[in-house]
Amino acid sequence: MQAIIFANRDGNELAPLNRYYCPALLPVSNKRVIEYTLEDLAEAGVTRVKLIVSTQVSEIKALVGNGELWGLEVDYFLSREQEDVSKIIPRLTLDKTESILLARGDMLRSPCIKPFMQFSQQMSHSFVIAKLDNQNAGLMMLPAAVAYTEELNWPLSNDDSQCSDSAHKTVTQVLHGDCFMLNSLDEYMQANQAMALTKVIGATPKGRYFSSADEANGFYVGAKTKTGQLRMQNAWGVIGDNTWIDESVNMQQSVIVGKNCLVDAKCSLKNCIILDDSYVGQGLNVSSAIICNNMLLTPENGGAIRLNDDSIIAKNHNLRTSSKVTRLDRLGAFFLLIFGLLLSPALLVASLISANKNTLIKETIKLSNKNYSSRRWALDSLFLSRLLQLHLVVMGQLSLFGRTPFLKSQQQNQQLADSEYGVYGPLQLLPCHIPEEERNLIETEFMQSKRKSNYCKLFKQSFSYSKYLEAQTAAELTKN
């Protein structure tokens with residue numbers, strides 16, 4: 001059995017949390033949202049999965065891999081954020097007669113895929129509308145649903161009147177369980193609290209169970225985690241892997257703490273979520289809030305505050321050697337920089353001829369909370385133009401190839417490791433205006449298929465595109 005899982009929401013309704021997590025990767029009680037769907041698929045007997053992704057592809061691949069952990073065979077397909085399902089399906093070259101499950105993987109459901117598939121196969125000539133907790137369950141089955149795939153577009157619609165036309169047979173199946181659309185910070189908080197209380201039918205948090213002072217509930221604790229005496233805390237919740245909570249911390253009611261977190265002495269936690277890799281400073285009182293690194297979010301009103309004082313809340317940094325610029329990148333940049341310096345007299349003359357005002361263009365980038373200034377030649381060829389900026393690679397601040405650090409909107413909308421950014425890349429070498437919604441798709445495809453042939457192709461395009469780029473559309477560029 002085959003399934004197509006859509007994990008391409010933009011998550012704007014969860015802003016500013018969507019800068020850190022796409023909806024499919026949101027942590028809910030020691031698991032990511034998409035993990036609950038994958039477990040449900042495996043339980044239902046699905047073996048092959050086509051996973052439709054748009055943002056944070058590297059992170060999704062690192063988590064899901066090839067699906068072996070769930071006994072699945074997972075293939076990845078890129079799409080634009082919240083692209084219409086009807087536009088994606090034709091690109092997947094499917095057998096139109098095969099029964100294929102379509103499901104959203106960026107919302108939280110009780111396990112329900114197995115009964116839905118069984119009922120849909122019994123009603124193979126009718127479009128089955130799946131309802132869960134009085135909401136659209138985000139499930140449908142091809143080929144019966146081929147005329148209704150727009151019902152799977154995000155945001156999901158709960159209006160069934162459009163499906164109830166006389167030309168097609170429709171049947172509504174009411175499934176047993178809970179459903180969270182995760183379309184607000186408040187609902188995200190509710191989903192975590194419900195899971196911590198094991199009130200999501202058919203689902204349980206991951207971790208070892210420890211009782212607390214609350215008679216009915218306790219804590220689910222991950223591996224390599226250190227806490228005080230949980231049995232003395234009048235609280236319940238979930239604590240992730242590799243987290244340290246000082247024994248003097250006071251916890252009340254629902255407390256969810258992610259992995260790799262540090263909660264310092266004499267803090268007070270009540271009805272809150274501390275997301276992965278977060279530090280909570282000494283003596284801080286956190287109530288009815290979400291902490292994500294240095295962001296303090298209040299789900300009740302959707303408010304958000306970014307704090308720049310690391311003694312209050314901050315990102316709990318993990319030093320990773322993988323984030324360093326490789327020696328090969330530095331060596332290649334060094335030789336290219338020498339080449340650029342030798343050519344500098346000719347490039348200066350060319351800039352004087354082509355530039356209206358300045359021969360050099362100043363650009364500022366922000367890495368590890370520090371600003372760096374760089375200059376490039378005012379030339380049409382961005383390969384030659386950016387030769388001056390290669391000192392950033394030699395100094396280990398940027399990779400040779402990667403995402404663009406020169407667009408402020410890109411850095412604001414994505415929380416990426418510094419090693420993800422490079423001097424050269426598709427947006428740095430193509431002298432054109434690409435719509436913002438397509439930039440991430442272009443860069444993601446490039447980062448997922450890093451090959452030497454791609455680098456050479458980019459360099460060649462940086463020389464040739466300026467001749468005919470005026471007449472070429474951004475849509476055509478994505479094909480290249």
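Points to keep in mind about this one:
- Residue, farthest from the chain's Cα centre (by Cα), within the stretch 22-47, restricted to residues that are buried (at least 22 other Cβ atoms within 10 Å of the Cβ) and in a loop (DSSP other than H, G, I, E, B): 46
- With respect to the conditions (1) in contact with a helix residue (DSSP H, G or I) (Cβ under 8 Å, 6 or more places away or on another chain); (2) among the charged types (D, E, K, R); (3) in contact (Cβ under 8 Å) with a residue 40 or more places away in the chain, residue 48 lacks only one, and its number is (1).
- For the condition modelled with pLDDT of 95 or more, small (Gly, Ala, Ser), in the same structural domain as residue 213 (by TED's automatic domain parsing) and touching a Lys or Arg at 6+ places or on another chain (Cβ under 8 Å), residue 288 qualifies.
- Residues (under 24 Å from residue 445 (Cα atoms), among the hydrophobic types (A, V, I, L, M, F, W, C) and buried (at least 17 other Cβ atoms within 10 Å of the Cβ)) located in the stretch 359-383: 365, 382, 383
- For the stretch 383-410, filtering for residues that are more than 24 Å from the chain's Cα centre (by Cα) and at pLDDT below 85 leaves 0.
- Residue, nearest to residue 196 (Cα to Cα), within the stretch 17-45, restricted to residues that are touching a residue at least 60 places away in the same chain (Cβ under 8 Å) and of a type in the set (S, T, N, Q): 29
- Restricting attention to the stretch 116-136, the residues that are under 21 Å from residue 87 (Cα atoms) and part of a loop (DSSP other than H, G, I, E, B) add up to 0.
- Tally of residues being surrounded by 15 or more Cβ atoms within 10 Å (Cβ to Cβ) and of a type outside the set (Ser, Thr, Tyr) across the stretch 65-76: 4
- In the set (1) touching a helix residue (DSSP H, G or I) at 6+ places or on another chain (Cβ under 6 Å); (2) in a helix (DSSP H, G or I), residue 187 fails one condition alone, (1).
- Breaking point among (1) loosely packed, with under 14 Cβ neighbours inside 10 Å; (2) touching a Gly at 6+ places or on another chain (Cβ under 7 Å), for residue 109: (1)
- In the stretch 90-105, the condition of being touching a helix residue (DSSP H, G or I) at 6+ places or on another chain (Cβ under 7 Å), β-branched (Val, Ile, Thr) and surrounded by 15 or more Cβ atoms within 10 Å (Cβ to Cβ) is met by no residue.
- Conditions (1) modelled with pLDDT under 95; (2) part of a loop (DSSP other than H, G, I, E, B); (3) closer than 20 Å to residue 292 by Cα; number of the one not met by residue 59: (2)
- Checking each residue in the stretch 365-388 for being under 14 Å from residue 458 (Cα atoms) and in contact with a Pro (Cβ under 7 Å, 6 or more places away or on another chain) picks out only 382.
- Matching residues in the stretch 133-147 - criterion: being within 18 Å of residue 174 (Cα to Cα) and surrounded by fewer than 20 Cβ atoms within 10 Å (Cβ to Cβ): 133, 134, 135
- Failed condition for residue 9, given (1) closer than 24 Å to residue 220 by Cβ; (2) not in a helix (DSSP H, G or I): (1)
- Of all residues in the stretch 236-288, those satisfying the criterion of being within 21 Å of the chain's Cα centre (by Cα) and among the hydrophobic types (A, V, I, L, M, F, W, C) are 256, 257, 261, 273, 274, 275.
Table: residues versus (1) in a loop (DSSP other than H, G, I, E, B); (2) at pLDDT 95 or above; (3) buried (at least 19 other Cβ atoms within 10 Å of the Cβ); (4) among the hydroxyl-bearing types (Ser, Thr, Tyr).
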| residue | (1), (2), (3), (4) |
| --- | --- |
| 151 | no, no, yes, no |
| 165 | yes, no, no, no |
| 168 | yes, no, no, no |
| 171 | no, no, no, no |
| 174 | no, yes, no, no |
| 182 | yes, yes, yes, no |
| 194 | no, yes, yes, no |
| 210 | no, yes, no, no |
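- Residue under evaluation residue 206, criteria (1) part of a loop (DSSP other than H, G, I, E, B); (2) free of Cβ contacts under 8 Å to residues at least 24 places away in the same chain; (3) of a type in the set (D, E, K, R); (4) touching a strand residue (DSSP E or B) at 6+ places or on another chain (Cβ under 9 Å), criterion not met: (2)
- Residues (out of contact with any strand residue (DSSP E or B) (no Cβ under 6 Å at 6 or more places or on another chain) and either surrounded by fewer than 18 Cβ atoms within 10 Å (Cβ to Cβ) or not in a helix (DSSP H, G or I) (or both)) located in the stretch 78-89: 78, 80, 81, 82, 83, 84, 86, 87
The values are calculated or read from the model by the stated rules, or taken from the named source; none is laboratory data. Quantities reported herein were computed from a predicted structural model and do not represent experimental measurements. As a convention, Cβ positions derive from the backbone with ideal geometry for all residues, glycine included, and neighbour counts pool all protein chains shown.
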